[in-house]
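The values are calculated or read from the model by the stated rules, or taken from the named source; none is laboratory data. Keep in mind that this is a model prediction, so the values were computed, not measured. Quick reminder, even Gly has a Cβ in these numbers, built from the backbone with ideal geometry, and neighbours come from all protein chains shown. The accessibility values were calculated without ligands, DNA or RNA, using every heavy atom of the protein model including side chains. Shrake-Rupley method; radii C 1.70, N 1.55, O 1.52, S 1.80 Å.
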Amino acid sequence: MKPYYLTTPIYYANDVPHIGHAYTTIAADVLARWKRLSGARVHFLTGTDEHGAKIAQAAGAAGQTPRAYLDRVVAKFQELWTRLTVTPDDFLRTSDARHIGVVQKIFEKLLKDGHIYLGSYEGWYCVPDETFWSESELKEGKCPTCGRTVERLKEESYFFKLSAFEAPLLAHFEKHPEFLQPKSRAPEIVQFVKMGLRDLSVSRTKVAWGVPVPSNPAHTVYVWFDALINYISALGYDPAAPGALYKEFWPADLHLVGKEIFRFHAVIWPAMLLALGVPLPRTVFAHGWWTVDGEKMSKSRGNVVDPHRMADEFGVDAFRYFLLREVPFGADGDFSAKALLGRYNAELANALGNLLNRVLNLLEKNFDSALLPAGTGDLLPENADWARAYNDALDRTVFHEALDVAFGLVNRANKYAEDTAPWKLVKTDAPRTHAVLTEMARVLKVAAVTLHPFMPTVTEEMWRQLGEPRPLGAEAARALAGGKIQFDPGQKIRKGNPLFPRKEAPKP
Ligand code: MSP
């Protein structure tokens, strides 16, 4: 199986992580876990974006060096990912020496090859914020972040010849329709490139906290130019001698990003790679944004959703599930704790949790907790194609369709329980009842495997309660490849606590 490399954006280190960050990261984690379950070698990268005047200012205000300040704020991201059972293989910080070295080598190579040249940059400068703004970024002629007066300034700057890549980019989009995803967002990028690309200013003389340009240390590298390189610096890319991880995993299979940073990833990044002569990633996928109760999330509105609070209230698994169930990946969506509670009770507690309880109770009461090796075949006939449908949905990053596969089976099993009424049937036909219950248990086994990437903890518990003798991870590859779903001779269930205890709406 092909190795699989996927990335999230690297997050601005001094942001407080919120559901937007959690969304991209959890989506990536689901894919990483699914690929690992299927038996692939996976490299899943996330990290933090740590350069720029704002970070230096925040560090100064805290009376710390940037790196010391960053160690503390970056820990908030790392703690959140651990809490949310996110399993990155690497966490890159742009202030890491291993990253800085690669940025410098790339900058010098592009300079030498004529893709970067020295020119001058003119814009509106906010002195207190030490930030340049373009005309269109200003708010009523003032600095968009602090609202203070800006002045017109000209500074020497290096430029990347982005304009030279219009035709090659358009040719790539044309030849590789899988590059810009989802399809609905591709036209906006194609249009943008067709309108003409301007060379990009890629260095600053006024931002001290950045990667110095080796041949001209009065300049530091523009943060976005620096940040995008993380996707290859993390693999040990070196223009002269690429490292082993780079050789194994590049080009990336998937860069997951939010829609507001699609252009950086779908235009600037591939142009940089083309200039370097490095192959382009297979897909850049831009997902939508969450609003909260219909409003944009912002600190000033005070409506920023804290992922820790959602995990406290509903559990990590249910929170992860909800983010990927509620809206089709790619579209915008509205986050509400009420909707989460609704899905928790209807889908997790009732449909899934109750099915497990029902089946285990009846097996315990009537069959001494034993499963049969095979069921009736009514729900999962031979050659059932749930695995194909599931793999195909995740391959296209259509998470809700993958969840439909699992819940489609769960719902059919619940209906089957109503139709066959095993609690009655057992009085007249015990052998058939045993097969019926085992059939429902087979569906639960498939549910545990398919839902595992989404809800890693609770599905392990399901697996345990089903009495599975081998680890879920060890059996899943076979199941996902379309293998038989059966039980060991003599396998006994181990009833435990309910997976999702019902929750009441909090009192207003
Ligand atoms: N540092 C840059 C990325 C550099 S990548 C080379 C950056 N960082 S960020 O901290 O702002 O995080 C951006 C990620 O969080 C994006 O994927 C973005 O879409 C996601 N979200 C931030 N707010 C969001 C919502 N309200 N809803 C969904 N995702 C959003 O940009």
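Per residue and in Å³, how big is the convex hull formed by the alpha-carbon atoms of the chain?
Dividing the Cα hull volume of the chain by its residues yields 162 Å³.
Could you report the accessible area of residue 215 in Å², rounded to 10, computed with a 1.4 Å probe on the protein chains as they sit in the structure?
My reading of the accessible area for residue 215 is about 70 Å².
Can you give the log10 of the normalised intensity I(q)/I(0) at q = 0.21, 0.24, 0.26, 0.28 Å⁻¹, computed with Debye over equal Cα scatterers of segment 418-480?
The computed values of log10 I(q)/I(0) come out as -0.80, -0.91, -1.00, -1.10.
Counting each DSSP H run of 4 or more residues in the chain as -39500 (n - 2.57), what helix-only mean residue ellipticity at 222 nm follows after dividing by all residues, to the nearest 500 deg cm²/dmol?
Estimated from H runs of four or more residues: -13500 deg cm²/dmol.
Reported to two decimal places, what Rg/Rh ratio describes segment 171-217 when computed on Cα atoms with Rh from the Kirkwood expression?
Taking Rg over the Kirkwood Rh, I get 1.21.
Past 25 Å, Cα to Cα: identify those pairs from 142/299; 2/109; 54/296; 76/183; 54/299; 105/206, in the order given.
In this structure, 2/109; 76/183 lie more than 25 Å apart at Cα.
Sequence-distant or interchain residues sharing an amide H contact under 5 Å with residue 5, placed H: which?
HN-HN under 5 Å from residue 5: 43, 253, 254.
Within the set of other residues whose C-beta is less than 12 Å from the C-beta of residue 230, count the net charge using Lys and Arg as +1 and Asp and Glu as -1.
-3
Of all beta bridges DSSP finds with both residues in segment 28-184, what is the antiparallel percent, to the nearest 5?
If I count the DSSP bridges inside segment 28-184, around 80 percent turn out antiparallel.
Output needed for segment 315-480: three equivalent-ellipsoid semi-axes, defined as square roots of 5 times the C-alpha gyration tensor eigenvalues, in descending order, whole Å.
28, 17, 15
Ordered by packing density, taken as the mean number of other Cβ atoms within 10 Å over each peptide's residues, highest first, how do 254-267, 369-382 rank?
For the peptides 254-267, 369-382, the packing ranking is 254-267, 369-382.
So which GluC sites (Glu not before Pro) in segment 134-169 are both in a DSSP loop and have at most 14 other Cβ atoms within 10 Å of their Cβ?
140
Report the antiparallel proportion of the DSSP beta bridges in segment 208-325 as a percent, rounded to a multiple of 5.
If I count the DSSP bridges inside segment 208-325, around 40 percent turn out antiparallel.
If you only keep lysine pairs separated by 8 or more in sequence, or across chains, how many in segment 315-480 come under 19 Å at the Cα atoms?
4
Over segment 363-508, what percent of the accessible surface lies on carbon and sulfur atoms, probe 1.4 Å?
Its accessible area is 53 percent carbon and sulfur atoms.
For segment 315-480, calculate the relative contact order in percent as a whole number, restricting contacts to Cα pairs under 8 Å that are 6 or more residues apart.
31
I'd like the distance between the alpha-carbon centres of segment 161-189 and segment 39-90, rounded to an integer number of Å.
31
Over the chain, what is the percentage of antiparallel beta bridges among all DSSP beta bridges, to the nearest 5?
In the chain, DSSP labels about 50 percent of beta bridges as antiparallel.
Over segment 236-348, what is the mean sequence separation of C-alpha contacts under 8 Å (at least six apart), divided by residue count, expressed as relative contact order in percent?
RCO, segment 236-348: 24 percent.
Please state the relative contact order of the chain as a whole percent: Cα pairs under 8 Å, 6+ residues apart?
The value is 15 percent.
Could you state the accessible area per residue of the chain in Å², with a 1.4 Å probe and every protein chain left in place?
Ligands and nucleic acids excluded, the result is 42 Å² per residue.
Could you tell me how far the Cα centroid of segment 192-237 sits from the Cα centroid of segment 263-286, in Å?
Cα centroid of segment 263-286 versus Cα centroid of segment 192-237: 14 Å apart.
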